[in-house]
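Contents: one structure, followed by commentary.
The values are calculated or read from the model by the stated rules, or taken from the named source; none is laboratory data. None of the values given here were measured: they were computed from a predicted structure. As a convention, Cβ positions derive from the backbone with ideal geometry for all residues, glycine included, and neighbour counts pool all protein chains shown.
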Amino acid sequence: MTIRRVFMNGNSQSVRIPQEFRLDSSRVEITRTESGDLLIHPIPSDRGSALLQALSRFDDEFAAILEEDRKESLPDQEREIL
């Protein structure tokens, strides 16, 4: 544990992170717990590649099933114009 000073950087607060806690990411997600603690989670720079990899696992058969399901859905409801 180390204690660091909070300082103003323009209109934002900043904290200098010691070298032993250096992050491999240029972006982070910051959340506050119910007790008030701040949690910093690095955001990987290749987040999109995981999504693309997951989507590539869907084959043509899966797409056909989704298309059939969409065709079998209930018709749109007719409603009065407001």
Residues of segment 30-82 satisfying the condition of being farther than 26 Å from Val15 by Cα and of a type in the set (Lys, Arg): Arg57, Arg70, Lys71, Arg79
Among the residues listed as Leu23, Leu39, the single one being surrounded by 10 or more Cβ atoms within 10 Å (Cβ to Cβ), part of a loop (DSSP other than H, G, I, E, B), on the phi < 0 side of the Ramachandran plot and at pLDDT 90 or above: Leu23
Residue match in segment 47-54 (condition: surrounded by 10 or more Cβ atoms within 10 Å (Cβ to Cβ) and touching a Leu at 6+ places or on another chain (Cβ under 6 Å)): no
